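Notes for the one structure printed next.
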Amino acid sequence: MGLHHGQVLRILRDEGPNSRAVLARRSKLSATTLTHVTAQLLADGSVVEEEPAGSSGLGRPGMAIRLLPDAHHVAGVHIGAGLVQIAITNLLGSPKAAASFEFGLPNTSPEALTTRIADEIDRLKVVGGFDRLLGVGAGVPGPVDAGQRTILASINTGWRNLPLAGMLERRTGLPVVLEHNVTAMAVAEARFGLGRDVPALLYVYLRSGLGAGLVVDGVPFRPGGHGAVELGHIQISQDGPQCSCGNHGCLESYVNERVLMRALGLEGSAPADLLMQVENTDAWEPTLSRLTDSLAIAISLLTPDLIVFGGHLADAPESLFAHLREHLPPRVMPHMRDILRFERTSFGSQPGAIGGAAVALDHLFYSGARH
Ligand SMILES: [Zn+2]
C-alpha cells in the first residue's frame, strides 16, 4: 500500500496546495521518495502541479502541488432504522448526487436492502456520469467488527453478526468498508466540516434512537476495535421505562422519535421540525434536563472540544442550544468551560451519507490504498 502517497494526499487535503519543498518538510520524505510519489499522483490525475494562485508570473515562483477534488469519487451510505441515504461525493466529501429511501422493519431482509442500495448506487452513477467509484463506505446502525466488515449487533433492526460489507461488495463490485453510523458522521465533520482543527469531537444524533460518535486526534474512537459511545444508554433512572436495549431508564428511552411523537399526539413519520413542536409542550423541560444530565457525564468522561448535533437535534430550536450553553459549563471541570462548543452539523440533512463517504475516503484513498 502507498503509505507515503496517503501521507502526501492527507497534507494536501488538510492544508491545501503546497510546494514540493514544503511537502518534503511536512512529510519528512526524502526528495527522491517525494519525487517518486508526486510523479505517480500526477500520472493518475489525483493532483496537479501549477503556479500558486496570486503569483505574478514574474521570476520563477515555486510550483505548487494541488489535490484535484473531482479526480475520483466514492459512494457514502447511511443506514438508519428504516432509512437509507446515499451520496456520491468527491475527494473532499462534497456531494455530487444523492438519493434516499425508507424501508420497512422488520420485514425488509438484509439481502433485499443490499440489492436496493446497490441499485441506487448504480442509478446515481449513471445520473451523475461517474464511470467508476473508488468504493463504498456505509454507516450502519450498530457497532462493527475490528475489520469493519460485519455489523455486530443492531438493536433497532434486529441484525446480529451481519457480514454487510461482503454482501454489498458482491452486489456493487466495489470495495466496501463499514463504520458505526454516528461515528461516520463524526469522521466527516473531523475531515471536511466543523472539526478540522478540533482535537476531540463528539457527535450526537437523534432520530429513532439517540446515538453518538467520537473522533480523537483524527482517529475514530472504537475501543477494542468495535466499541461505540453509547450516550443514549446512560441510565438516568433505575425505574424508568424499558429501553430497546433491555435496560430501564436509559436516556434513549426518554429521548427518541417515538416518545417525542407520542408527546405531540402524532403518528407516522416524524416531522422535520419535531423538536420545534416539542418546545411548545410539557415534554420540553424534561427532555432538556435529561439531555443536559447525560451530556454533562459524557463531557466529564470524554472531554470533547466540540459537540456537533445531527438529525432532529440539528433542527432543534435555538432555545436548546441556549439551555446547553447556560447549564452545561457549570457542571464540567473549569478548564472545559472555556473550550467546549456546541454546533449544528455542517452537512444539513445528509450527515450520515457524507459520513459513509468520509470513511470510504479514509480507507480507500487517503490511506494510499489505491497507489
Ligand atoms: Zn438502553
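Here are some notes:
- Pairs, first free of Cβ contacts under 8 Å to residues at least 24 places away in the same chain in segment 333-359, second of a type outside the set (Gly, Ala, Ser), C-beta under 7 Å, six or more apart: Arg337/Pro329
- The single condition among (1) surrounded by 23 or more Cβ atoms within 10 Å (Cβ to Cβ); (2) among the polar types (S, T, N, Q); (3) in contact with a helix residue (DSSP H, G or I) (Cβ under 8 Å, 6 or more places away or on another chain) that Gln350 does not meet is (3).
- Yes/no for Gln242 being within 10 Å of the ligand (Cβ to nearest atom), surrounded by fewer than 16 Cβ atoms within 10 Å (Cβ to Cβ) and not β-branched (Val, Ile, Thr): yes
- Selection count where residues are more than 14 Å from Gln350 (Cα to Cα) and in contact with a helix residue (DSSP H, G or I) (Cβ under 9 Å, 6 or more places away or on another chain), scope segment 184-196: 4
- Meets criteria (away from the ligand (no atom under 16 Å from the Cβ), outside any helix (DSSP H, G or I) and either of a type in the set (Asp, Glu) or touching a strand residue (DSSP E or B) at 6+ places or on another chain (Cβ under 9 Å) (or both)) for Glu267: yes
- Condition check for Arg262: among the basic types (Lys, Arg) and either under 16 Å from the mean Cα position of the chain (by Cα) or more than 16 Å from the ligand (Cβ to nearest atom) (or both): yes
- With a requirement of 1 or more residues that are among the basic types (Lys, Arg) and in the same structural domain as Gly218 (by TED's automatic domain parsing), the helices (runs of 4 or more DSSP H) lying completely within segment 300-371 that satisfy it span 318-327, 334-339.
- Residue selected from segment 126-161 under the condition part of a loop (DSSP other than H, G, I, E, B) and β-branched (Val, Ile, Thr), by the criterion nearest to the chain's Cα centre (by Cα): Thr150
- Residues that are of a type in the set (A, V, I, L, M) and within 9 Å of the ligand (Cβ to nearest atom) within segment 227-239 comprise just one, Ile234.
- Among the conditions (1) at positive phi; (2) modelled with pLDDT of 95 or more, Gly158 misses just one, which is (2).
- Complete set of residues in segment 24-56 that are in contact with a strand residue (DSSP E or B) (Cβ under 9 Å, 6 or more places away or on another chain) and under 21 Å from Asp70 (Cβ atoms): Thr38, Leu41, Leu42, Ser46, Val47, Val48, Glu49, Glu50, Glu51, Pro52, Ala53
- Restricting segment 211-226 to residues that are part of a strand (DSSP E or B) and touching a Leu at 6+ places or on another chain (Cβ under 6 Å), the residue that is nearest to the ligand (Cβ to nearest atom): Ala212
- Elements of type strands (runs of 3 or more DSSP E) contained in segment 1-100, each with 1 or more residues being among the acidic types (Asp, Glu) and over 30 Å from Thr172 (Cβ atoms): 47-50
The values are calculated or read from the model by the stated rules, or taken from the named source; none is laboratory data. Owing to the predicted nature of the structure, the values given are computational and were not obtained by experimental measurement. Positions of Cβ are generated from backbone atoms using ideal geometry, with glycine treated the same way; all protein chains shown enter the neighbour counts.
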